[in-house]
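Q: Got a structure for you, written out below as C-alpha cells; questions coming shortly.
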Amino acid sequence: MKKLLVITGGGDCPGLNAVIRGLAKAARQEGIWEVWGSIEAFEGVFSEPTELMKLTRQRVSGIHVKGGTILKTTNKNDPRAYPMLQADGSMQKVDRTEELVQRIQALGFDALVNIGGDGSQRISQALADKGLPVVGVPKTIDNDLRATDLTFGFSTAVQIATESLDKLVTTAESHHRAMIMEVMGRDAGWIALHTAIAGGAEICLIPEIPFDVDKILKQIDKRYHKGKGFINIVIAEGAKPKGGGVVGKKAIEVGDAHVKLGGIGNYLQMQLEEKGCKAQVRTAVLGHIQRGGIPVAFDRILASAMGVKAYELVRDGQFSRMVSYQGNQMSSVPLSEVIQGNKFISADHYLLGVARSLGITFGD
C-alpha cells in the first residue's frame with residue numbers, strides 16, 4: 001500500500017474539507033493509496049513527535065459541509081525561510097526544504113498533495129525541485145491564482161459579501177448615508193467586482209484601477225438631491241488612491257511574512273469627510289467573516305472534483321502539476337506555470353464592461 005500525505009496551508013477557506021474528503025474517498029475506492037494528513041500544514045511533519053492524521057472513512061465522513069479544515073492550517077513558517085531560534089536567542093530564517101523532503105520520505109510517504117494558494121504552490125515547486133512527487137490544489141477566496149478559472153472558496157466569499165451588502169443597502173437608504181463596505185481579495189479585485197455587481201453597488205474600487213477621491217465625491221453628490229439619497233461603495237482591501245499605496249501593516253507574528261491589508265475603507269471615509277462630503281459616511285469591514293462558515297453548493301462541488309482530480313494525478317504519476325478548472329472542465333497545469341504571477345482583472349475583462357453599463361463607477 002502506497003502512502004499519500006495531504007497538507008492544507010495558508011488561510012482557511014470554505015471547501016477545504018470537501019477537497020480532503022474527495023481525495024480520500026477516491027483513493028479508498030481503488031485501495032492502492034493510504035491517505036494521511038499533516039496537522040497545521042508542514043508543522044505536523046516538523047513536530048517532535050509528528051502530528052499526522054490517517055484520513056479514514058470515519059474521519060472524512062460528512063466533512064464536506066463544514067468550513068475550515070480538519071487538518072488545521074497556518075500561514076506562518078514557510079519551510080523555504082523557516083524561523084529558527086539561535087543559540088544567542090535571535091531568530092534566523094533557514095531553508096528547511098531539503099530536511100522536509102527527507103522527513104516526509106522517512107515517514108514512508110510516496111507523494112504529497114499540497115492544498116493552498118500562490119505561496120503554497122511556490123512551496124510545492126520548491127519541494128518538487130528537491131525530488132518530492134507533489135501535486136498542488138488551488139485554494140484561495142481571492143480567486144487570484146494563475147492557470148485556473150476559479151478557486152474553491154471564492155463563490156462562498158462572494159455570497160457572504162453580497163448578503164452583507166444587501167443589509168447595508170437598507171440602512172443606507174433609511175439614513176440617507178454613503179455606506180462603504182471593505183472586502184478581502186489582497187491585490188486582486190475579484191471579490192469586490194462580483195459583489196458590487198451582485199449587490200447593486202454604485203461605486204466599486206479595486207486594486208487594478210487606482211481611484212480618485214474627488215471623482216468619488218462627485219459621484220456621491222450626483223446621488224443626492226436636497227440632502228436626500230444614498231449610495232453604496234464596495235472597496236477591495238488592496239485598493240489604493242492614485243499616486244498612493246495600499247493600507248496595511250507588517251505582520252508581527254514570527255514566521256509570517258505577509259503584509260496585513262486592511263483599513264482602506266476607513267481611509268476613504270476620512271478623505272471624503274475632509275473634502276466636505278455632505279452625506280453621512282459609514283464603513284463596514286467584513287474581514288474574516290468572508291472565509292468562514294459553510295461553503296455554498298458550488299464550492300462543495302468544485303472542491304470535491306478538485307480532490308478527486310488530485311488523487312487521479314497522483315495515481316497516474318503526473319507530478320509537479322496543479323489541479324486546474326478551465327472551461328468547465330477539470331484539468332491540470334505545470335506548477336512552473338502557476339507560480340509565474342497572480343491573476344488580476346484585466347482592463348478588457350467583460351465584467352468591467354458589465355459593471356460600467358450598469359452605472360457602476362470605479363473612481364477613475
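Q: When region 229-258 is examined, which residues are found to be within 20 Å of the chain's Cα centre (by Cα), at pLDDT 75 or above and not charged (D, E, K, R)?
A: Listed by number, the residues that qualify are V234, I235, A236, G238, A239, V246, V247.
Q: Given the criterion modelled with pLDDT of 95 or more, more than 13 Å from the chain's Cα centre (by Cα) and more than 17 Å from A41 (Cβ to Cβ), identify the matching residue among Q125, Q105, Q92.
A: Selected residue: Q105, the only one of Q125, Q105, Q92 that is modelled with pLDDT of 95 or more, more than 13 Å from the chain's Cα centre (by Cα) and more than 17 Å from A41 (Cβ to Cβ).
Q: To continue, here is another question. Any idea how many residues of region 1-60 are closer than 17 Å to A111 by Cβ, free of Cβ contacts under 8 Å to residues at least 24 places away in the same chain and hydroxyl-bearing (S, T, Y)?
A: Qualifying residue count, region 1-60: 0.
Q: Being over 21 Å from P14 (Cβ atoms) and either of a type in the set (V, I, T) or buried (at least 24 other Cβ atoms within 10 Å of the Cβ) (or both) is the filter here; which residues of region 133-163 pass it?
A: V134, V135
Q: With G89, G68, G22, G37 as the choices, which residue is assigned by TED's automatic domain parsing to the domain that holds S120, within 24 Å of F152 (Cα to Cα), of a type in the set (G, A, S) and in a loop (DSSP other than H, G, I, E, B)?
A: Answer to the selection: G68.
Q: Which count do you get for residues in region 210-219 that are under 25 Å from the mean Cα position of the chain (by Cα) and buried (at least 19 other Cβ atoms within 10 Å of the Cβ)?
A: 1
Q: Please determine whether any residue of region 167-180 is in a strand (DSSP E or B), surrounded by 23 or more Cβ atoms within 10 Å (Cβ to Cβ), at pLDDT 95 or above and outside the structural domain of F319 (by TED's automatic domain parsing).
A: Checked region 167-180: at least one residue is in a strand (DSSP E or B), surrounded by 23 or more Cβ atoms within 10 Å (Cβ to Cβ), at pLDDT 95 or above and outside the structural domain of F319 (by TED's automatic domain parsing).
Q: Of everything in region 260-318, what is among the small types (G, A, S) and either touching a Cys at 6+ places or on another chain (Cβ under 8 Å) or not in a helix (DSSP H, G or I) (or both)? Give them in sequence order.
A: G262, G263, G276, A279, A284, G292, G293, G317, listed by residue number.
Q: For the list (1) at negative phi; (2) more than 16 Å from the chain's Cα centre (by Cα); (3) not small (G, A, S), I need the number of the one condition that N328 fails.
A: Single failed check for N328: (1).
Q: Taking G363 as the residue in question, decide whether it is in a loop (DSSP other than H, G, I, E, B) and surrounded by 19 or more Cβ atoms within 10 Å (Cβ to Cβ).
A: yes
The values are calculated or read from the model by the stated rules, or taken from the named source; none is laboratory data. Because the structure is predicted, anything quoted here is derived from the model rather than measured. Cβ coordinates were reconstructed from backbone atoms using ideal geometry, including for glycine residues, and neighbour counts include every protein chain displayed.
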